[in-house]
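The structure under discussion appears below in the form of structure tokens.
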Amino acid sequence: MNIHTTYDFIITGTGAAGLMVAYRMSLDSYFEGKKILLIDRDNKTSNDRTWCYWEKGTGEWDFLLAKTWENIYFGSKNYSGLISLGGYKYKMLRSSDFYSFVYKILRQNPQFEFVTDDVVNISETNNGVMIETKYNQYHAKKVFNSILDTSIIASQNKFPYLKQHFVGWFVKAVSPVFKENQATFMDFKIHQKGNTRFMYVLPTSPYEALIEYTLFSEKLLKIEEYEEEIKLYLTNLGVSDYKITEKEQGNIPMTSYPFEKNNSLNLMQIGSAGGWTKASTGYTFAKIAKNTKALIEYIKYHDDFRKFYCKNRYWYFDLIFLDVLHRNNELGSVVFSSIFKDNDIKDVFMFLDEKGSWFDDAKIMFKTKPSLQFVISAILNLPKMFKK
Ligand SMILES: Cc1cc2nc3c(=O)[nH]c(=O)nc-3n(C[C@H](O)[C@H](O)[C@H](O)COP(=O)(O)OP(=O)(O)OC[C@H]3O[C@@H](n4cnc5c(N)ncnc54)[C@H](O)[C@@H]3O)c2cc1C
């Protein structure tokens with residue numbers, strides 16, 4: 001085993017967060033002359049994720065988008081409706097387009113080096129961090145790690161841990177069956193079977209759509225179970241003649257576990273590994289875009305990675321949501337219906353983006369049903385908000 005030269009920065013895991021940090025470094029003169037190593041076990045050429053996020057007006061990644069929608073459909077027993085996003089757009093970015101764009105920029109810059117290998121251990125040294133891979137060791141003054149170790153969350157029971165798990169089919173129908181200008185955000189009009197289960201449909205043309213059967217629950221299903229439900233949903237939509245052109249699968253952690261406590265002077269956890277996944281929804285991409293900007297500024301003026309994060313009220317709100325769904329997993333349809341029925345979508349997005357005013361946030365929390373469950377969780381979890 002060789003020990004390689006020391007780098008200024010190593011980024012372990014080059015998915016959304018790792019690549020976004022490297023990309024922002026490549027654009028910033030502060031990082032000129034720094035040696036930066038990126039390590040991933042995968043060469044990131046396939047479309048392993050389809051990221052969607054909402055955004056007001058134009059945004060940084062618009063030039064790469066595969067599709068946008070200005071209306072979303074929400075469906076459930078209690079409330080169904082087409083919601084106009086009023087200035088916001090729901091945006092779809094194929095990960096393969098993001099990877100190839102960022103890799104192209106980084107490969108033109110000799111400061112960046114790339115290794116395809118498995119990271120097996122990360123350890124602190126006197127003056128930095130050592131990364132051990134299957135075949136080598138690498139040392140850096142500072143490391144950003146985006147490799148998520150789910151055993152850390154699974155082995156604790158202080159914070160609720162649900163999984164957002166899903167299987168998606170990209171289908172191409174022979175007739176124009178999809179409503180191209182509306183994305184189905186959540187359709188709870190399917191059997192809940194004691195969980196929070198919904199369909200998510202992203203039509204990219206009248207003939208093509210991504211259809212995902214999604215659960216927020218503790219236990220994963222067998223692949224056949226997700227696929228049977230997608231087939232049934234398509235049949236109920238009247239779509240019988242279609243081809244599956246691609247498939248995707250996901251398991252996103254939903255937890256308020258304080259990932260930031262795994263940061264140290266020289267090692268920072270980023271992306272889902274850093275707790276940047278919104279615990280109550282699983283959305284991560286927009287938060288990665290926001291947090292990496294803040295991170296780049298932070299590095300310029302601060303040396304200690306332990307002080308980057310600070311807990312805010314949204315951490316507590318997310319904890320309450322998760323706790324309610326964790327204790328009463330069948331309530332998802334009621335909870336989300338009350339949010340979409342009783343609030344302006346712009347306020348909901350501001351709330352989820354953690355940009356709402358105290359007053360608007362409180363209104364959303366008070367209107368969310370079932371009220372009793374939320375009050376109980378709010379009381380039970382309040383002490384955790386003030387614990388270091
Ligand atoms: C299928 C799918 C769809 C999603 N859709 C959305 C969405 O629509 N909107 C949204 O906001 N979020 C979405 N998410 C959640 C989130 O945005 C993504 O998971 C996002 O990729 C998280 O970025 P990350 O950098 O934290 O992790 P990743 O992108 O998963 O990057 C981690 C990297 O680490 C590498 N790696 C793992 N283990 C090792 C190892 N031992 N050695 C070396 N390398 C390793 C992996 O190959 C990977 O490249 C989705 C997630 C999935 C899985």
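The values are calculated or read from the model by the stated rules, or taken from the named source; none is laboratory data. This structure is a prediction, so every number in the text was calculated from the model and none was measured. Cβ sites come from the backbone with ideal geometry, for glycine too, and all protein chains shown count toward neighbours.
General observations
- Filtered by the rule that a residue be assigned to a helix (DSSP H, G or I) and among the basic types (K, R), the range 359-374 gives K363, K367.
- Per the listing F178, F216, the residue uniquely part of a strand (DSSP E or B) and either under 30 Å from S146 (Cβ atoms) or in contact with a helix residue (DSSP H, G or I) (Cβ under 9 Å, 6 or more places away or on another chain) (or both) is F216.
- Selection from the range 318-348 of residues that are among the aromatic types (F, W, Y) and touching a Ser or Thr at 6+ places or on another chain (Cβ under 8 Å): F321, F336
- In this structure, F74 does satisfy being surrounded by 18 or more Cβ atoms within 10 Å (Cβ to Cβ), of a type in the set (F, W, Y), within 24 Å of W51 (Cβ to Cβ) and not assigned by TED's automatic domain parsing to the domain that holds T45.
- Residue in the range 39-58 that is farthest from S272 (Cα to Cα), counting only those that are crowded, with 17+ Cβ neighbours inside 10 Å and out of contact with any helix residue (DSSP H, G or I) (no Cβ under 6 Å at 6 or more places or on another chain): E55
- Restricting V102, V120 to those that are farther than 30 Å from N329 by Cβ, touching a residue at least 12 places away in the same chain (Cβ under 8 Å), surrounded by 13 or more Cβ atoms within 10 Å (Cβ to Cβ) and within 15 Å of the ligand (Cβ to nearest atom) reduces the list to V102.
- Residue satisfying all of: in the range 8-35; away from the ligand (no atom under 16 Å from the Cβ) and more than 19 Å from W61 (Cβ to Cβ); surrounded by the most Cβ atoms within 10 Å (Cβ to Cβ) among these: F31
- Options D241, D149; residue that is surrounded by fewer than 18 Cβ atoms within 10 Å (Cβ to Cβ) and within 30 Å of H326 (Cα to Cα): D149
- Scanning the range 108-120 for residues that are under 17 Å from Y7 (Cα atoms) and not in a loop (DSSP other than H, G, I, E, B) gives F112, E113, F114, V115, T116, V119.
- Filtered by the rule that a residue be assigned to a helix (DSSP H, G or I) and of a type in the set (D, E, K, R), the range 224-272 gives E224, E225, E227, E228, E229, K231, E260, K261.
- Helices (runs of 4 or more DSSP H) contained in the range 273-358 and holding at least 2 residues surrounded by fewer than 21 Cβ atoms within 10 Å (Cβ to Cβ) and among the basic types (K, R): 285-301, 313-327
- Positions within the range 36-55 being touching a Leu at 6+ places or on another chain (Cβ under 9 Å) and away from the ligand (no atom under 11 Å from the Cβ), in sequence order: I36
- Every residue from the range 244-272 that is of a type in the set (S, T, Y) and crowded, with 18+ Cβ neighbours inside 10 Å: T255, S256, Y257, S272
- Residue in the range 317-335 that is within 16 Å of the ligand (Cβ to nearest atom) and touching a helix residue (DSSP H, G or I) at 6+ places or on another chain (Cβ under 6 Å) present: no
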